[in-house]
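Here is the structure we will look at.
The values are calculated or read from the model by the stated rules, or taken from the named source; none is laboratory data. Please read these numbers as outputs of a predicted model, since none were measured by experiment. With ideal geometry, Cβ positions are generated from the backbone for all residues, glycine too; neighbour counts draw on all protein chains shown.
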Amino acid sequence: MRPIGDLAQFMLSKQMQSRLRTSADIAGQETTTGLTNDIAQHLGGASIAVSLLDRKMELLGQHKHGIAEARVFASASQTVLAEIQDQSSQLINSLALASQMQSASELKVLSEKAAQAMIDIVNALNSKIGGKYLFAGSDTQSKPLPDGISLVAMLRSEVSGATTVGDVRNAINTWFETSGGAFETLAYAGSDTGFLQMPIGNGESAKFGLRADGESVRGLIQALGIAAFATDSSIALGTTDQKKLLTDGYNALRQIDLSLTEERAGLGLIEASIENAKIAAEMEISRIERDRLSLIGIDQFEAASKFESAQQQLDVFYRIAARQGRTSLAEYLR
C-alpha cells in the first residue's frame, strides 16, 4: 500500500495537474474565440446586460425564421403567377388568329389548347410550398380548387346542351359570377374571408392578398372556359358561333392580362418589404453582436500569454513528476 504521506502528495499532485489543465483549456478557448469564459466574473457580476442582448438575439432569430418563410412563400407565389401569365399570353397570341380561320379543325385545335391551358392553370393555382397552399387565403391547409380536369367536367355539366353562343356565355358567366353560386360553393374551397399574413418583425406582417377566388384569377379561368367550350362536343355550334366564342375568350383574356400584371406588381412590393425586413434584421443582429462583444470580449494576446504560461507550468509539472517517479522506482527496487 502507498504510505499516507505519499497518498497526500499524490492527491495534491493530481489537483495541481487538474488546475493547470483547466487553466490551459480556458486560456486556449479564450484565445481562439476572443470571448471570456466566465461572463459573470468578467463583468463583476453585472451580467444582466448580456442576458438582455441574448434575449434580443433569440427574438431576432425567430423573426429571421419568419422572414425566410415569407420569402419562400412570396417567391413561390410569384413563380406560379409568372407561369400562369406566360401560358395565358401564349394562348392570347394563338386566339388572336381565330377570326381568320375557316376550317372547323383549326378552330377545334385552338379550343382544345384553351381547355388544356385551363387545366394547367387550375392545377398551378393548387400549388403549395412548405405544406401551405399558395392561393387559399388564410386557410392554407385546404386545396383551393379541384384539379383542372375535374373543374372542366363541372363546367361542362353546366353548359352541356347549349345551342347558342348566348346560352354558353350565360351559363359560364352565371357559374363563375353569381354570389354564393356554383364556383363559390362547389369549386373554391379555400378561405373566403381572410388572407394569409406572415409576421416579418417589428409588428409588421406580409399580407398575401391573392386567392384563387379573387376577381383576376376567377376572371382568367372564366375567360379560358369560354374559349375552351367553343368546340366542345357537348355543345352543338357552327363554325361562325365557335369563332365568336373564341374571340370572346381572346378579348376577356387580354383584359385579364393587365390585372395579372398588377397582381404580380403588388406581390413584388410584398417581396420588397420582406427583403427590407431581412436587411433590417441582419443589421440589428450585427449591432447586437458588436454590443455583446464589447461586453464579453477580451484581449486575445493576453489570453494567449496566459495559455502559454499554463502550458509551460504543465511542462514543468510533468518533468518533475517524471523525475520523482523514476527516483521512487529506484528506491523501491533497492
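Output the residue which, of all residues in region 107-121 that are of a type in the set (A, V, I, L, M, F, W, C) and touching a Phe, Trp or Tyr at 6+ places or on another chain (Cβ under 9 Å), is surrounded by the fewest Cβ atoms within 10 Å (Cβ to Cβ).
To start, the set of residues in region 107-121 that are of a type in the set (A, V, I, L, M, F, W, C) comprises 107, 109-110, 114-115, 117-119, 121.
Remaining after also requiring touching a Phe, Trp or Tyr at 6+ places or on another chain (Cβ under 9 Å): 114-115.
Values: 114: 28, 115: 22.
Only one residue tops the list, namely 115.
Listed here are the residues, each with its yes/no results for (1) hydrophobic (A, V, I, L, M, F, W, C); (2) in the same structural domain as residue 135 (by TED's automatic domain parsing); (3) farther than 19 Å from residue 148 by Cα.
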| residue | (1), (2), (3) |
| --- | --- |
| 75 | no, yes, yes |
| 78 | no, yes, yes |
| 93 | no, yes, yes |
| 101 | yes, yes, yes |
| 104 | yes, yes, yes |
| 116 | no, yes, no |
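Return the residue satisfying two criteria in turn: it lies in region 219-240 and is among the aliphatic types (A, V, I, L, M) and assigned to a helix (DSSP H, G or I), and of such residues it is farthest from residue 252 (Cα to Cα). First the steps, then the outcome.
Narrowing region 219-240 to residues among the aliphatic types (A, V, I, L, M): 220-221, 223-224, 226-228, 230, 235-237.
From what's left, assigned to a helix (DSSP H, G or I): 220-221, 223-224, 226-228.
On the way: 220: 8, 221: 10, 223: 5, 224: 9, 226: 9, 227: 10, 228: 13 Å.
The extreme case among them is 228.
Name the residue, out of 124, 70, that is surrounded by 22 or more Cβ atoms within 10 Å (Cβ to Cβ) and either under 25 Å from the mean Cα position of the chain (by Cα) or in contact (Cβ under 8 Å) with a residue 24 or more places away in the chain (or both).
Numbers: 124 fails: surrounded by 22 or more Cβ atoms within 10 Å (Cβ to Cβ).
On inspection, the qualifying residue turns out to be 70.
Just checking, how many residues over region 142-177 are over 16 Å from residue 227 (Cβ atoms), without any contact (Cβ under 8 Å) to a residue 60 or more places away in the chain and within 35 Å of the chain's Cα centre (by Cα)?
Number satisfying all stated conditions: 9.
Hey, does region 247-259 have a residue that's of a type in the set (Val, Ile, Thr), loosely packed, with under 13 Cβ neighbours inside 10 Å and more than 23 Å from the chain's Cα centre (by Cα)?
No; the residues of region 247-259 include none that is of a type in the set (Val, Ile, Thr), loosely packed, with under 13 Cβ neighbours inside 10 Å and more than 23 Å from the chain's Cα centre (by Cα).
Kindly evaluate residue 149 against the criterion of being touching a Leu at 6+ places or on another chain (Cβ under 9 Å) and assigned to a helix (DSSP H, G or I).
no
Look through 287, 292, 264 and report the one residue that is farther than 26 Å from residue 114 by Cβ and in contact with a Leu (Cβ under 7 Å, 6 or more places away or on another chain).
292 is the lone residue from the list that is farther than 26 Å from residue 114 by Cβ and in contact with a Leu (Cβ under 7 Å, 6 or more places away or on another chain).
Need pairs with beta-carbon distance below 7 Å; first residue closer than 19 Å to residue 255 by Cα and within region 73-98, second among the acidic types (Asp, Glu); sequence gap 6+ or separate chains.
Close Cβ pairs (under 7 Å, with a partner that is among the acidic types (Asp, Glu)) amount to 81/263; 85/257; 87/120; 88/257; 89/257; 92/257.
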